[in-house]
Structures are given as C-alpha cells and as structure tokens.
C-alpha cells in the first residue's frame with residue numbers, strides 16, 4: 001500500500017540569557033554539578049518564582065521572527081509530573097494561553113518549489129534538571145544535577161504538515177538559522193540548547209483521517225531526527241502490513257542500534273493536571289513593547305538571500321552559503337564595503353575563508369583575518385596591483401600576521417610589474433627557450449599559449465600583468481593558424 005507520512009515537530013530551544021527563567025541563578029552551560037542553583041531551582045520552602053524580563057523579550061523576538069501573533073494577555077501554568085530531577089514535582093509551563101500562536105517556517109523542496117510549514121504555538125517554560133547514572137559491579141547509583149533546572153526554554157510546536165524526513169531536516173535547519181539570526185539562542189545541540197521531539201504517523205495516501213502517532217523524544221542532532229523518522233515510518237508500515245495495530249506511545253532513538261525503542265505509553269494533556277500557576281499572576285504584554293521588538297529585528301535570512309541575488313546579482317548557491325549564518329553574511333557585507341566587487345568577494349569568503357573556518361570548526365567571527373583585510377586584498381586585485389596568484393600567497397601570510405595586504409605587498413615587493421619593456425624582455429627570453437611550445441602553437445594547438453603565459457608568469461614570480469603578457473605573446477606569435485578540419 002502507498003502511505004503518506006505525517007510529521008509534526010516540537011522543538012525545545014534554550015534562550016540565551018545570563019540567568020534562569022524564574023531565578024537569578026546562572027543559565028550558562030556546564031559548571032560543577034549543582035553550582036548554578038538558587039532557592040527557586042531547588043524548590044526550597046517559601047521560594048517564589050519571578051519572571052526574567054530578558055526571557056520574555058527574547059521569546060517575543062523569536063515569535064516575531066517566525067511571523068507569530070504575540071498575545072497581549074498570557075499566563076503560566078503548572079504541568080504536574082514526578083521525576084527525580086524536577087524538585088517541585090511540577091514544571092512551570094504554558095497551557096491554554098501561550099504567548100505566541102500561528103506563524104511558520106518556509107522550506108525549499110527538492111523539486112524547486114517552496115512550502116510553508118505552519119506553527120501551532122510557541123510557549124515559554126522552564127527546563128528540568130539532569131539525572132546521571134553510574135553503574136559498577138556492586139551497585140547502581142543515580143545522581144541529580146540541578147544546574148539545568150529552571151533554564152529558560154521556548155517550545156516551538158509545528159502543525160503535522162511535513163511529509164518526509166528530508167522536509168523535517170530542512171525545516172530544522174531553517175528554524176535554527178532564523179533563531180541564530182535574531183540571537184535568541186546559540187542552538188547548540190551538543191550542549192542541549194536545541195532538542196527535538198518528532199511525532200510520526202502514516203496513513204494510506206488519499207485518506208484524510210490521522211492514524212495513531214508515535215512520539216520520538218529528545219533527538220539531539222539533525223542526523224538523528226532524519227534517521228529516527230525513517231526508521232519509525234518503516235516500522236509502522238511493517239505493523240500495518242501484518243494487519244496489526246499499535247497504541248500511542250513515546251519512544252527513544254537508540255543511536256547504537258539505529259532503531260526507535262519504546263519508552264512509555266504516551267501521556268495526554270489531562271495526565272499532567274494543568275492548572276494556572278498561583279505564584280505567577282497572568283500578565284499583559286503591551287503592544288508598544290511588541291512593536292519596539294519588531295522594529296529591532298534584523299534582516300532575516302530568506303529576505304537577505306533574495307537581496308543578494310537581486311541587488312548583487314549573486315548566484316543562488318552563493319547567496320545560500322553567505323546567508324546561512326548571520327555572522328557569515330555580516331562578514332561578507334563588511335568585506336564588500338571595501339572591495340566593491342560582489343562576486344569576487346563571494347568567491348573569497350565562501351571558498352577561501354569558509355574553507356578554513358569549516359576545517360578548523362570555528363565560527364567566522366573567530367577567524368584570524370577580519371573582513372576589512374579581505375576587502376582590501378580583493379581591492380588590490382581589482383586595481384591591478386597584484387595578481388590572483390599573488391593574492392593567495394598574501395592571504396596565507398595574513399593568516400599568521402596582523403599586517404594589512406598593502407604592508408605585505410610593500411615589504412615583499414609583490415606589486416605587479418608594469419614595466420612593459422621588462423615584461424617584453426622576459427617574453428622574448430621565454431619564446432627563445434620554449435621552441436617546442438612555440439611550434440605547437442603555430443601548429444594550431446591553443447593550449448600551447450597557456451603554457452607560454454605560465455612560463456612568463458613563473459619567470460616574473462607571478463608579478464607580471466597576465467593581460468599584458470598575453471597581448472605581447474599574441475603580438476609576437478601572431479594569430480594561431482586554423483586547425484585542419
């Protein structure tokens with residue numbers, strides 16, 4: 001039977017704030033166990049939560065960047081469940097009055113078309129702590145680390161509108177890019193700043209009713225999301241092909257076995273016994289605050305990509321690479337202000353700069369050569385002061401020094417030779433010592449001219465103007481004879 005895949009994602013994003021959502025304890029990653037803990041995190045008697053205003057502003061920023069409607073009235077709720085790393089016995093979250101609804105993420109499909117994946121809602125909540133299990137031959141022990149307890153999260157819930165693991169993968173990449181552009185989160189999956197739960201079901205193609213779904217919890221890499229969805233789809237197909245059914249449940253992805261494994265039966269909302277959080281009153285978000293945040297949003301990646309293509313005439317691939325991260329686009333635009341050459345600057349940034357950045361696994365703002373120096377290097381090429389080949393050697397030196405391209409050119413005498421008589425002398429010398437290439441050219445072999453140009457450039461250590469060299473060679477050799485048909 002031909003099945004249609006139904007996928008909805010719930011993405012938990014840690015907001016990049018100095019302190020936690022309801023307490024002054026540090027929200028930074030790491031640290032010795034139980035050192036980022038205040039009275040509220042540990043649920044000590046009498047400790048009351050106070051909403052961190054920075055959390056609210058970053059949450060609103062994320063909602064606006066994703067085209068959501070921000071509620072003027074919202075509240076927090078208690079989500080009740082017991083777990084050893086949840087000291088209060090409940091999580092402060094949002095239930096029936098989330099701060100943001102609607103919106104969505106645009107994704108590009110393989111056939112070149114675009115699709116808008118709608119969001120159901122975004123809500124704020126606090127994270128739980130972390131359990132650490134220790135196993136030895138005598139006894140099993142579990143330890144509780146509350147450093148993450150109370151870390152500020154937003155949960156971004158999509159509609160079940162994705163139809164393949166590839167669509168889910170692209171959606172997550174675009175979502176991550178937007179959130180990083182507006183700097184509400186670093187979205188570092190290795191540190192738990194972005195985690196994903198995938199809801200997966202299948203139905204016979206053409207059916208409108210949803211079938212039983214499986215939730216796959218805590219997927220911590222985009223690769224895992226893709227693999228887990230693909231495995232789960234095949235598992236469900238196999239169950240249905242045998243005329244069997246299954247109950248709604250929560251599963252985990254086992255990366256070593258490359259399969260989803262049952263965790264527990266799926267809870268429904270009534271299992272959590274939600275009720276309004278009595279220690280945090282419902283509150284209004286003034287429209288003026290929403291509009292002030294909206295006006296401060298940067299140009300988002302999709303719009304920037306179109307601008308690069310339309311105004312700067314960059315190919316789509318170049319624009320895609322240069323807008324993949326906000327820091328990359330800012331680096332490119334800073335270099336372009338000096339070079340004034342959109343395409344050549346694009347080539348240098350995406351090939352030379354990002355080649356090293358990706359190899360060294362660093363962010364571009366940590367790269368040793370700033371955009372101003374790259375811009376000046378490209379400007380020197382365009383002004384005819386240096387050749388492209390010499391520019392590569394200058395770039396190599398810039399990697400380990402703070403000198404400007406101009407200083408390196410001056411110190412090493414790398415300026416292009418513009419003395420036509422000197423270049424002509426070298427051309428004559430090359431023609432005399434490369435008679436075989438001369439004969440090949442006159443026999444109609446066009447490649448021989450390139451060999452002669454290369455020989456002249458070698459003699460001048462790359463400092464001769466290639467156009468002048470080419471013109472002089474053609475002047476002395478004459479036009480190449482026509483090849484025999």
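The values are calculated or read from the model by the stated rules, or taken from the named source; none is laboratory data. Note that this is a predicted model, so its numbers are computed, not measured. All Cβ positions, glycine included, derive from the backbone under ideal geometry; neighbour counts span all protein chains shown.
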TODO: Would you please name the residue that is farthest from residue 207 (Cα to Cα), looking only at residues in the stretch 5-23 that are over 22 Å from the mean Cα position of the chain (by Cα) and part of a strand (DSSP E or B)?
DONE: 19
Open item on the list: Against the conditions (1) surrounded by fewer than 19 Cβ atoms within 10 Å (Cβ to Cβ); (2) in contact with a strand residue (DSSP E or B) (Cβ under 6 Å, 6 or more places away or on another chain); (3) closer than 20 Å to residue 276 by Cα, where does residue 3 fall short? Just the number, please.
Closed with: (3)
- [ ] Select from the stretch 226-270 the residues that are outside any strand (DSSP E or B), under 30 Å from residue 94 (Cβ atoms) and in contact (Cβ under 8 Å) with a residue 24 or more places away in the chain and list them in ascending order.
- [x] 226, 228, 229, 232, 247, 248, 266, 267, 269
Open item on the list: Quick check on this structure: which one of 158, 164 is surrounded by fewer than 20 Cβ atoms within 10 Å (Cβ to Cβ) and assigned by TED's automatic domain parsing to the domain that holds residue 113?
Closed with: 164
TODO: Report yes if some residue within the stretch 151-166 is in a strand (DSSP E or B), touching a strand residue (DSSP E or B) at 6+ places or on another chain (Cβ under 6 Å), without any contact (Cβ under 8 Å) to a residue 60 or more places away in the chain and over 23 Å from residue 107 (Cα atoms); otherwise report no.
DONE: no
TODO: Determine whether the stretch 24-47 contains at least one residue that is under 19 Å from residue 194 (Cβ atoms), modelled with pLDDT under 95, surrounded by fewer than 19 Cβ atoms within 10 Å (Cβ to Cβ) and out of contact with any helix residue (DSSP H, G or I) (no Cβ under 6 Å at 6 or more places or on another chain).
DONE: yes
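Among the candidates 355, 413, 375, which residue alone is closer than 20 Å to residue 322 by Cα and loosely packed, with under 13 Cβ neighbours inside 10 Å?
On inspection, the qualifying residue turns out to be 355.
Strands (runs of 3 or more DSSP E) wholly in the stretch 24-113 with at least 2 residues that are closer than 13 Å to residue 125 by Cα - which ones?
So the answer is 77-80, 90-93.
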Open item on the list: Would you confirm, using the coordinates I've provided, whether residue 338 is assigned to a helix (DSSP H, G or I) and farther than 29 Å from residue 170 by Cβ?
Closed with: yes
Task: Residue match in the stretch 224-231 (condition: assigned by TED's automatic domain parsing to the domain that holds residue 68 and over 22 Å from the mean Cα position of the chain (by Cα)) - done: yes
Task: Tally, over the stretch 125-141, of residues that are part of a strand (DSSP E or B) and either touching a helix residue (DSSP H, G or I) at 6+ places or on another chain (Cβ under 9 Å) or closer than 30 Å to residue 94 by Cβ (or both) - done: 5
